Amino acid sequence: MSQSMARPTGLRSWATSRLFAAVILLDLAVCKGFVEDLNESFKDNRKDDIWLVDFYAPWCGHCKKLEPIWNEVGLEMKSIGSPVKVGKMDATSYSSIASEFGVRGYPTIKLLKGDLAYNYRGPRTKDDIIEFAHRVSGALIRPLPSQQMFDHVQKRHRVFFVYIGGESPLKEKYIDAASELIVYTYFFSASEDVVPEYVTLKEMPAVLVFKDNTYFVYDEYEDGDLSSWISRERFQNYLTMDGFLLYELGDTGKLVAIAVIDEKNTSLEHTRLKSVVQEVARDFRDHFHRNFQFGHMDGNDYINTLLMDELTVPTIVVLNTSNQQYFLLDRHIKDSSDMVQFINSILDGTVPAQGGDSILQRLKRIMFDAKSTIVSIFKSSPLLGCFLFGLPLGVISIMCYGIYTADTEGGYIEERYEVSKSEMENQEQIEERKEQESISGESLEPAMQEPKDVLEKKKD
């Protein structure tokens with residue numbers, strides 16, 4: 001009876017697994033149906049619509065990893081009724097079109113709107129890509145007609161910029177900056193009576209950035225170029241850092257103060273250093289927001305690669321990502337006041353900078369990268385590492401051995417030839433000697449016989 005009951009149970013589990021697999025395949029097929037495969041006709045037909053395009057290569061591993069995410073993007077954009085069409089193009093098959101759009105790596109994501117092409121440089125997640133498409137496909141500068149709309153935007157966006165005022169040269173600069181930086185953040189315009197009551201403006205027109213539950217006003221004399229100021233202020237004051245974000249922060253010119261911790265470690269020291277950096281970022285925002293960015297990073301692997309050194313976790317490091325310099329702690333950080341003193345010491349030059357982009361550091365970087373590559377290859381695949389590095393070494397060893405043995409045999413032959421030659425000369429000398437002795441012997445024999453004949457004659 002138990003066997004008869006087990007059989008239906010096994011059949012049910014088998015049927016369930018088969019159904020589940022069929023559902024997954026159906027979902028994949030549905031998602032792929034909303035992503036168009038583009039060909040050479042795309043060049044002539046694209047200007048009628050707004051397109052979000054993934055330029056890929058069939059052999060690219062990152063492209064294969066992006067493919068399921070890209071299919072989800074196509075499904076989401078279709079389901080919400082977005083005017084943006086989602087497509088993909090094999091850049092190796094249509095290389096002329098890809099090069100026309102400035103594709104230099106794979107995958108490359110671009111939003112094409114009329115004659116304009118916007119590069120996507122954010123994280124390759126579904127939500128971030130869709131957010132980029134909504135932001136860039138819409139109006140360059142979006143009006144805020146009411147306080148309710150302003151409150152809605154403030155709740156939805158962590159960082160956004162607002163121009164307040166009428167027509168002016170500052171607005172023209174604001175439009176130019178927005179056309180360049182719309183790929184990163186949102187730009188709005190509003191009248192003075194729309195902004196919250198806590199906003200105070202010394203003069204009009206003005207450009208403001210709203211973030212971290214507060215706002216900052218652009219000052220042309222202190223902040224310089226408007227586009228540069230927007231590029232610096234488009235980040236929140238405190239961030240969870242990763243490699244991609246540090247790369248983006250390199251364009252801001254700010255120093256980045258990072259608490260390097262292990263988030264899985266709940267010990268007091270790890271949480272305390274993170275809290276100290278958060279406190280300084282919050283309480284001393286007005287003092288340091290022009291020069292410093294704050295955050296924390298989980299683990300020290302990326303930092304070690306950046307610094308070419310081994311940092312002890314937890315610790316605090318200050319990076320200058322624009323020139324690869326860094327500052328290490330010169331004191332024990334007990335509280336936020338110690339952290340503030342450390343930052344002020346960096347600003348006044350008391351704490352020496354390490355690293356940099358000098359020729360010596362670049363050579364050190366080349367050697368470090370080569371070593372890291374070799375170690376990573378051997379760690380991930382020892383057999384592959386042995387093949388990649390053992391085979392060339394073996395060939396070089398055989399060549400060196402061949403050259404060495406060739407020289408040795410040549411020397412031996414030459415030496416043997418010289419010995420043979422000397423032996424022949426000696427043999428010739430011996431033969432000459434023998435000939436001389438034979439000749440001298442024949443001449444002496446008659447001379448020695450002559451006295452005997454003389455004696456015989458005398459006897460007679």
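The values are calculated or read from the model by the stated rules, or taken from the named source; none is laboratory data. Note that the structure is a prediction, hence the values are computed from the model and not measured. Positions of Cβ are backbone-derived with ideal geometry, glycine not excepted, and every protein chain shown enters the neighbour counts. Each accessible area value is taken on the protein alone, full model and side chains, heavy atoms only, with ligands, DNA and RNA left out. Shrake-Rupley method; radii C 1.70, N 1.55, O 1.52, S 1.80 Å.
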Those residues of region 85-120 that are of a type outside the set (S, T, N, Q), closer than 29 Å to G250 by Cβ, in contact with a strand residue (DSSP E or B) (Cβ under 6 Å, 6 or more places away or on another chain) and outside any loop (DSSP other than H, G, I, E, B) come to a total of 8
Of the residues in region 309-324 that are buried (at least 18 other Cβ atoms within 10 Å of the Cβ) and not in a loop (DSSP other than H, G, I, E, B), the one that is farthest from the chain's Cα centre (by Cα) is I316
Residues of region 234-266 being touching a residue at least 40 places away in the same chain (Cβ under 8 Å) and in contact with a His (Cβ under 9 Å, 6 or more places away or on another chain), in sequence order, are N237, Y238, L239, T240, M241, I258, A259, V260, I261, D262
Going through region 358-401 in order, the residues found to be at pLDDT 75 or above and β-branched (V, I, T) are I359, I366, V395, I396, I398
Exception for W229 within (1) in contact with a Pro (Cβ under 8 Å, 6 or more places away or on another chain); (2) farther than 23 Å from R124 by Cα falls at (1)
Selection over region 332-352 where residues are open to solvent by 70 Å² or more (accessible area, probe 1.4 Å), within 16 Å of P314 (Cα to Cα) and within 32 Å of the chain's Cα centre (by Cα) yields a count of 0
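Yes/no per residue for (1) among the polar types (S, T, N, Q); (2) more than 30 Å from V217 (Cβ to Cβ); (3) in contact with a helix residue (DSSP H, G or I) (Cβ under 9 Å, 6 or more places away or on another chain); (4) touching a residue at least 12 places away in the same chain (Cβ under 8 Å):
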| position | (1), (2), (3), (4) |
| --- | --- |
| D286 | no, no, no, no |
| F292 | no, no, yes, yes |
| G295 | no, no, yes, yes |
| N304 | yes, yes, no, no |
| V313 | no, yes, yes, yes |
| I346 | no, no, no, yes |
| I366 | no, yes, no, no |
Of the residues in region 338-379, those that are among the polar types (S, T, N, Q) and either within 18 Å of N291 (Cα to Cα) or touching a strand residue (DSSP E or B) at 6+ places or on another chain (Cβ under 7 Å) (or both) come to Q341, N344, S345, T350, Q354, Q361
Within region 206-215, residues open to solvent by 20 Å² or more (accessible area, probe 1.4 Å) and out of contact with any Lys or Arg (no Cβ under 8 Å at 6 or more places or on another chain) come out as N213, Y215
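On the basis of being of a type outside the set (K, R) and at pLDDT 90 or above, does N71 make the cut?
For N71, the condition - of a type outside the set (K, R) and at pLDDT 90 or above - is met.
What tally of residues in region 268-291 results from selecting those that are part of a loop (DSSP other than H, G, I, E, B) and either open to solvent by 20 Å² or more (accessible area, probe 1.4 Å) or hydrophobic (A, V, I, L, M, F, W, C) (or both)?
Adding up the residues that qualify gives 3.
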Point to revise | Flag for Y163 being among the aromatic types (F, W, Y), open to solvent by 40 Å² or more (accessible area, probe 1.4 Å) and not in a helix (DSSP H, G or I) | key: no
Of (1) touching a Leu at 6+ places or on another chain (Cβ under 7 Å); (2) part of a helix (DSSP H, G or I), T305 satisfies every one except (1)
Condition set farther than 24 Å from E131 by Cα and free of Cβ contacts under 8 Å to residues at least 40 places away in the same chain, scope region 56-89, selection most open to solvent (accessible area, probe 1.4 Å): answer is W59
Here the residues within region 101-118 that are open to solvent by 60 Å² or more (accessible area, probe 1.4 Å), in contact (Cβ under 8 Å) with a residue 12 or more places away in the chain and under 25 Å from the mean Cα position of the chain (by Cα) are Y106
Next on the checklist: Being open to solvent by 60 Å² or more (accessible area, probe 1.4 Å), touching a strand residue (DSSP E or B) at 6+ places or on another chain (Cβ under 6 Å) and either without any contact (Cβ under 8 Å) to a residue 40 or more places away in the chain or among the basic types (K, R) (or both) is the requirement here; does E203 meet it?
Outcome noted: no
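This table checks each residue for (1) of a type in the set (K, R); (2) open to solvent by 40 Å² or more (accessible area, probe 1.4 Å); (3) in a loop (DSSP other than H, G, I, E, B); (4) at pLDDT below 90.
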| site | (1), (2), (3), (4) |
| --- | --- |
| G122 | no, no, yes, yes |
| I130 | no, no, no, no |
| P145 | no, yes, yes, no |
| E172 | no, yes, no, no |
| S179 | no, yes, no, no |
If you go through Y238, Y218, the only one that is under 24 Å from the mean Cα position of the chain (by Cα) and either hydroxyl-bearing (S, T, Y) or open to solvent by 30 Å² or more (accessible area, probe 1.4 Å) (or both) is Y238
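Looking at the structure I just gave you, is S267 within 30 Å of the chain's Cα centre (by Cα) and among the hydroxyl-bearing types (S, T, Y)? Before you say what the answer is, go through the steps one by one.
Values: within 30 Å of the chain's Cα centre (by Cα): no; among the hydroxyl-bearing types (S, T, Y): yes.
Against the criterion (within 30 Å of the chain's Cα centre (by Cα) and among the hydroxyl-bearing types (S, T, Y)), S267 does not qualify.
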